[in-house]
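What follows is a set of notes on a single structure, which appears directly below.
The values are calculated or read from the model by the stated rules, or taken from the named source; none is laboratory data. This one's a predicted model, so the numbers in the text were calculated from it and none came from an experiment. As a convention, Cβ positions derive from the backbone with ideal geometry for all residues, glycine included, and neighbour counts pool all protein chains shown. Calculation scope for accessible area: heavy atoms of the full protein, side chains included, ligands and nucleic acids excluded. Shrake-Rupley method; radii C 1.70, N 1.55, O 1.52, S 1.80 Å.
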Amino acid sequence: MKALALAIAALSWAQTAHAHPHVFIDTGLELIFDAKHRATGVRITWSYDDLTSLQIITDKGLDPDFDGILTPEETTQLNGFDMHWDAGYPGDTYASSAGHPLLLSGPSDWSVAYNDAKIVSTHYRSFATPIEITQPLLVQVYDPTLYVSYALKLGTTLDNATGCTARTVLPDLDAARAKLDAAIAALPQDAEAAYPELGADFAEAMEVSCASTS
């Protein structure tokens with residue numbers, strides 16, 4: 001089970017459409033380039049909603065005086081709480097180019113802060129090899145099961161990306177909801193069926209294009 005699910009295991013998991021999502025995470029993406037202007041990886045920021053943040057802080061026994069401030073020692077205890085992933089877990093972040101998936105490493109160089117009643121964590125994930133962007137590169141952050149809702153509210157940025165631009169691509173929510181409704185309607189009524197994994201249909205994306213792609 002991924003670390004995020006462990007951190008919020010006390011929250012109920014209802015297998016009905018109206019119960020999704022349970023967790024809301026504002027997300028930021030920064031695509032990092034090397035000196036040769038090749039994409040080398042992505043820095044990802046997750047800002048957890050107030051309720052989830054409170055649940056995690058409480059479960060870990062942090063901030064016992066409820067002043068909304070963690071001591072340095074408490075921050076150290078919290079750091080990395082969502083970074084210890086099972087082998088093969090994709091980290092809810094997916095990159096692709098021309099329809100082909102791009103392999104991302106596990107998380108590294110992570111940090112955490114607790115401000116304004118919200119936990120904000122960051123981590124870095126590298127591509128298997130540096131990528132020269134000759135076609136638009138897409139990065140999406142989503143939970144396939146829609147238990148967690150990610151939104152690119154913290155923005156998308158580029159680092160050392162000469163001649164490149166980033167834009168946010170929004171999903172067709174009407175089409176996504178129709179597809180989800182049809183998938184739920186097709187589920188067996190007398191069994192605990194897995195929730196349809198259609199998170200990609202609801203996902204916002206960072207699309208990066210460089211001068212050579214035009």
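Which percent of the accessible area of the chain is formed by carbon and sulfur heavy atoms (probe 1.4 angstrom)?
On the chain, the fraction of accessible area on carbon and sulfur atoms equals 55 percent.
Give me a comma-separated list of calculated 3J(HN,Hα) values for the range 108-113, in order, Karplus coefficients 6.51, -1.76, 1.60 applied at θ = phi - 60°, integers in Hz, x for any Gly or Pro.
8, 6, 8, 8, 8, 9
Calculate, in nm to one decimal, what N115 and T165 gain on full extension: separation in residues at 0.36 nm each, minus their alpha carbon distance.
The N115-T165 span can extend by a further 14.9 nm.
If packing is taken as the average count of other Cβ atoms within 10 Å, what order do 57-66, 117-126 fall into, highest mean first?
117-126, 57-66
To make sure I understand the rule: partners must be aspartates and glutamates, Cα under 18 Å from the Cα of K179, and not fewer than 8 residues away in the same chain. Which ones qualify?
In chain and number order, the partners are D143, E197, D201, E204.
Give the relative contact order (percent, whole number) for the range 103-203; include only Cα pairs under 8 Å separated by 6+ residues.
26 percent
Roughly speaking, what is the stretch gain from D65 to L103, that is 0.36 nm per residue apart minus the C-alpha to C-alpha distance, in nm to one decimal?
9.4 nm is the gain from fully extending D65 to L103.
Compute the Cα gyration tensor for the chain, then decide on rounded, prolate or oblate, letting a ≥ b ≥ c be the square roots of its eigenvalues: rounded whenever a/c is under 1.5, prolate when a/b is larger than b/c in the other cases, and oblate in all that remain.
oblate
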